[in-house]
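*Asks:* Please see the structure below; I have some questions.
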Amino acid sequence: MEQLIYIAEPAKLEDGSGELGQGLTELEEGTSELTTSLSDGAEDVASKQVTDDNYEMIAAPATATESERSDVPNYGHALAPYILSLALFVGALSFNLVFPINAPAGRPTSGVGWWFSKFSLGFIQATAAALIVDAIMLFGFHLQVDHIGEFIAVSVITSLTYMFLIMFLGITFGNPGRFVAMIILVLQLGASGGTFPVELTNTFFQTVHDFVPMSYAILGFRESMSSAYGTHTFITSILVLGAFIVIFNLLLWLVLSLRSRKAYRLAEEN
């Protein structure tokens, strides 16, 4: 058996040598073809008329154009609409937590009278809070505002919107309603697009964005401060916030009217 192995080895070596020789021949042909292709490519490149524009195109194939819609002096001014909206909401929430808003000042004579007593109280407090905040920002922090009248208007309407939203929840549901108001506050912080564009948030916040009041309050503040979007955006913000005020007051009037009728029936029975 050993002799057969030694006899077979030279045959395998001869076959391998033949394959190696064939591979070397193919390698030589491929090298020759590569040399020819490189030579043709070099001649083709040399024949091209290269100019400075070609060099610039290769060095910078894309250019970015920038257009400024408004001027904001610093990051603090850019963040001010978000902080102002947050401050007005927290102020309205604090008032409804501290003040005994559920208890009537006296025996309600009608649902309309009961509602008007709550409306006048909330209107005075929300308006005063907005004006105080505006005075602090304008005269204390020297906030740069392009349109003072629009700035004050959106501040007052935003404050009224938050006040009647929280007042409705607090009067209707009590402490659970105030807790819901806190949840709405947290929801608005992510969905209003105050810190980053809403397009950078997830699908949930993008869907909720159009249904929360803070989104429109921030747009209104931005337009009044820096003319960022145009008058139509400011008008839209005011109209939407005004619609929120009307809706929450109608709901509050309905709740107080039902309670007034119930109290009247109990009084008659007694």
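*Asks:* Quick one: grab the alpha carbon gyration tensor of segment 100-244, order the square roots of its eigenvalues as a ≥ b ≥ c, and give me rounded if a/c is under 1.5, else prolate or oblate depending on whether a/b is larger than b/c.
*Replies:* Judged from the Cα gyration tensor, segment 100-244 comes out oblate (a/c at least 1.5, b/c at or above a/b).
*Asks:* Enter the angle in degrees (range 0 to 90, nearest 10) between the Cα long axis of helix 213-226 and the first principal axis of the Cα atoms of the chain, meaning the one along which they spread out most.
*Replies:* 80
*Asks:* Here's a follow-up. Carbon and sulfur atoms: what percent of the 1.4 Å accessible area of the chain do they account for?
*Replies:* Answer for the chain is 66 percent, counting heavy atoms of protein chains only.
*Asks:* Report the calculated FRET efficiency for VAL198 and THR127 (r = Cβ-Cβ distance, R0 = 22 Å), to the nearest 0.05.
*Replies:* Taking R0 as 22 Å, the efficiency between VAL198 and THR127 is 0.15.
*Asks:* So, taking all protein chains as they sit and a 1.4 Å probe, how much accessible area belongs to VAL180, in Å² rounded to tens?
*Replies:* 60
*Asks:* Output wanted: per-residue J couplings in Hz (rounded whole) for segment 96-102, from phi through Karplus 6.51 cos²θ - 1.76 cosθ + 1.60, θ = phi - 60°, x for Gly and Pro.
*Replies:* 6, 7, 8, 7, x, 6, 6
*Asks:* Let me ask you something else. In whole Hz, with x marking every Gly and Pro, tabulate ³J(HN,Hα) for segment 178-187 from phi via Karplus 6.51 cos²θ - 1.76 cosθ + 1.60, θ = phi - 60°.
*Replies:* So the Karplus estimates, Gly and Pro as x, are 5, 5, 4, 4, 5, 5, 4, 4, 4, 4 Hz.
*Asks:* Sticking with this one: Apply the Karplus curve 6.51 cos²θ - 1.76 cosθ + 1.60, θ = phi - 60°, to the phi angles in segment 250-259 and return the couplings in whole Hz, x for Gly and Pro.
*Replies:* Karplus-based 3J(HN,Hα) across segment 250-259 equals 4, 5, 5, 4, 5, 4, 5, 5, 5, 5 Hz.
*Asks:* Quick one: Cα centre-to-centre distance for segment 88-141 and segment 176-196, in angstrom?
*Replies:* Centre-to-centre distance over Cα atoms comes out at 20 Å.
*Asks:* A further question follows. Treating the beta-carbon of each Lys and Arg as +1 and of each Asp and Glu as -1, no other charges, what is the dipole magnitude of the chain about its Cα centre, to the nearest 20 debye?
*Replies:* The calculated dipole for the chain is roughly 4320 debye.
*Asks:* Would you mind classifying segment 165-260 by shape? Square roots of the alpha carbon gyration tensor eigenvalues, ordered a ≥ b ≥ c; an a/c under 1.5 is rounded, otherwise it is prolate if a/b is larger than b/c and oblate if not.
*Replies:* Oblate.
*Asks:* With runs of 4+ DSSP H residues as the only contributors, calculate the mean residue ellipticity of the chain at 222 nm using -39,500 (n - 2.57) per run, divided by the residue total and rounded to the nearest 500.
*Replies:* Estimated from H runs of four or more residues: -26500 deg cm²/dmol.
*Asks:* Here is a further query. Is the chain rounded, prolate or oblate when judged by the Cα gyration tensor, a ≥ b ≥ c being the square roots of its eigenvalues, rounded requiring a/c under 1.5 and prolate requiring a/b larger than b/c?
*Replies:* prolate
*Asks:* Can you give the accessible area per residue of the chain, in Å², using a 1.4 Å probe?
*Replies:* 63
The values are calculated or read from the model by the stated rules, or taken from the named source; none is laboratory data. None of these values were measured; they are calculated from a predicted model. Glycine gets a Cβ as well: all are built from the backbone with ideal geometry, and neighbour counts include every protein chain shown. What goes into the accessible areas is simple: the full protein's heavy atoms, side chains included, and nothing from ligands, DNA or RNA. Shrake-Rupley method; radii C 1.70, N 1.55, O 1.52, S 1.80 Å.
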